[in-house]
Amino acid sequence: MNNTMGNPLHLASLNHISLVCRSVEKSLDFYQNVLGFFSVRRPGSFNFDGAWLFNYGIGIHLLQSEDPENMLKKNEINPKDNHISFQCESMVAVGRKLKEMDIEYVQQRVEDSGGVSVDQLFFHDPDGFMIEICNCDNLPVIPLVGEAVRSCSLVSFNMQQHMQQVVLK
């Protein structure tokens, strides 16, 4: 089997993302109070300011910028920019809560040719990093080779084994 279709690095899951911040304190407040992450212990050997957070099966590592005054801040909310996306239970509740918190957001809907639609809300963290909240679970995960598998949040199969089965057919 071709390695490009397998798992050449033997990856298991997404562990964390790291974000450089103007202010770890402001970002910590945002990720805890807006997105529901909680602080976890960082190794004591680090000689730089930062914070580690965890929830929803992933970690976020906040790193204090060495030059916060010169960090570029994005003001325009552009859904085609780099972002991290979170699945939610209720788009209506998320929109309502963002309005209550006075967080500016852009809303859009993506429709698939099969009649499936996904609602998305995009907004920025304190440093301009884009966050997406969606009901992406509506979209089936469809490998370019093979058949539909399951919704995004339910995919728990080993893609390498699946692709081997598809190739053997």
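The values are calculated or read from the model by the stated rules, or taken from the named source; none is laboratory data. Predicted model only: the values in this text are computed from it and were never measured. Using ideal geometry, Cβ is built from the backbone for each residue, glycine included, and neighbour counts are taken over all protein chains shown. Note: accessible area is taken over every heavy atom of the protein model, side chains too, but ligands, DNA and RNA are not part of it. Shrake-Rupley method; radii C 1.70, N 1.55, O 1.52, S 1.80 Å.
Could you give the length gained on full extension between Val141 and Ser90, defined as 0.36 nm per residue of separation minus the Cα-Cα distance, in nm?
In short, 16.3 nm is gained.
Any number yet on Rg/Rh for segment 14-70, C-alpha, Kirkwood?
Rounded to two decimals, Rg over Rh is 0.96.
Which parts of segment 88-114 would a label at Asn55 reach, counting a residue when its backbone N lies under 15 Å from a point 7 Å out along Cα-to-Cβ?
88-90, 94-95, 97-98, 101
Roughly how many Å² is the accessible area per residue of segment 1-105, as a whole number, for a 1.4 Å probe?
Per-residue value: 71 Å².
In nm, to one decimal, how far is the Lys99 label point from the Leu14 one, both placed 7 Å along Cα→Cβ?
2.8 nm
Could you state the per residue volume, in Å³, of the convex hull enclosing the Cα atoms of segment 72-153?
Convex hull of Cα atoms, per residue: 106 Å³.
Taking 25 Å as R0, compute the FRET efficiency from the Cβ-Cβ separation of Ser117 and Leu35 and round it to 0.05.
0.55
Is the shape of segment 1-140 best called rounded, prolate or oblate, per the rule: a/c under 1.5 gives rounded, else a/b larger than b/c gives prolate, else oblate, with a ≥ b ≥ c the square roots of the Cα gyration tensor eigenvalues?
oblate
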